[in-house]
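A quick write-up on the structure given underneath.
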Amino acid sequence: MQPILAIFYREYKIRATNMVWLFYDLCLPFGYLLIFGLGFTRVTQDRILWADAQLSYSAFFLGGVLAMSAFGIAIGTAWAFFTDRDNGIFYEFLTYPLGRGQFLFGKVFFNMLLSVGQAGLSVLVAATLLDVPVRVDLLPWLLVGVAVSTAGWFFFLSLFAFRIRRNDVFNTIMNIFYFFLLFASSMFYPVEPLPAWLRVLSYANPLTWQADFLRYSSLGVGGGRRLAVEIILFCAFTLVSFWAATRTLDRKD
């Protein structure tokens, strides 16, 4: 446990030296909720049909904001990994007496807690300012989902941080992931009315699985067999990504 805490402390010190960055991470979802939420409220006439439930757009969008924010933190953490490798600190860490899995968990541990804090503040803003009917009894599951999904995306994106050498290529791939996965998912709109080809992409997108679970655990709608399958798939995605990242890390000299 001590090696994990040591890496955790390093991540904390990095964030603590730039409070503007930390403030940005915590408060960015508020902007998404207020700007996109209020903007799309007029477009949709504040009525969204999802999982046989009639929702306001702000209520529907809350799960998408939480998923998008956790994904954004994972991208930032993977970028820091790439930077560490680029300046040589990454290879120095590999000489330390700690396991590869401990290294990965230590790297993402602080950012998982950051995601949980971010999600808690976002839910509070949504409930108090936008009148979103948050299910308090499901909040523990919401916070667990945010933490696990942040870790899953970090493990997946770390594969590219390990393998890509050029800064411009890495940035390009991260931006492609960010925009393609966000808009080919259920974050901004329900999947069902989409064209068939885009609906297939959305159902196969782990961000859709993540957003659906966070929507259920914040509102209590959208449960059932489909959600159970999505939970299983995302857990498998996280485990496979962790295994692949650890194997890739073992091959680094």
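Checked against the criterion of being under 21 Å from GLY72 (Cα atoms) and surrounded by fewer than 15 Cβ atoms within 10 Å (Cβ to Cβ), region 207-229 has no qualifying residue.
Of all positions in region 239-247, at least one carries a residue that is in contact with a Leu (Cβ under 6 Å, 6 or more places away or on another chain), closer than 15 Å to ALA151 by Cβ and buried (at least 20 other Cβ atoms within 10 Å of the Cβ).
Looking across region 214-244, the residues that are in a helix (DSSP H, G or I), farther than 19 Å from ALA70 by Cα and of a type in the set (Gly, Ala, Ser) come down to ALA228, ALA244. Would you check which residues across region 111-125 are under 15 Å from the mean Cα position of the chain (by Cα) and crowded, with 20+ Cβ neighbours inside 10 Å and list them? Scanning region 111-125 gives ASN111, MET112, LEU114, SER115, GLN118, ALA119, SER122. Restricting region 40-94 to residues that are surrounded by fewer than 18 Cβ atoms within 10 Å (Cβ to Cβ) and on the phi > 0 side of the Ramachandran plot, the residue that is modelled with the highest pLDDT is ASP52.
Return yes or no: is PHE237 within 23 Å of PHE81 (Cα to Cα), under 17 Å from the mean Cα position of the chain (by Cα) and touching a residue at least 12 places away in the same chain (Cβ under 8 Å)? Yes. Mind checking which pairs have a first residue in region 201-213 that is over 14 Å from PHE156 (Cβ atoms) and a second that is surrounded by fewer than 22 Cβ atoms within 10 Å (Cβ to Cβ) and among the acidic types (Asp, Glu), Cβ under 8 Å, 6 or more apart or different chains? Matching pairs, first to second residue: THR208/GLU230; ASP212/GLU230; PHE213/GLU230.
Among the residues of region 126-161, those that are farther than 24 Å from VAL240 by Cβ, surrounded by fewer than 17 Cβ atoms within 10 Å (Cβ to Cβ) and not small (Gly, Ala, Ser) comprise THR128, LEU129, ASP131, PRO133, ARG135, VAL136, ASP137, LEU138, LEU139, PRO140.
The values are calculated or read from the model by the stated rules, or taken from the named source; none is laboratory data. All figures in this text were calculated on a predicted structure; none of them were measured in a lab. A quick note on method: Cβ atoms are made from the backbone with ideal geometry, for glycine too, and the neighbour counts reach across all protein chains shown.
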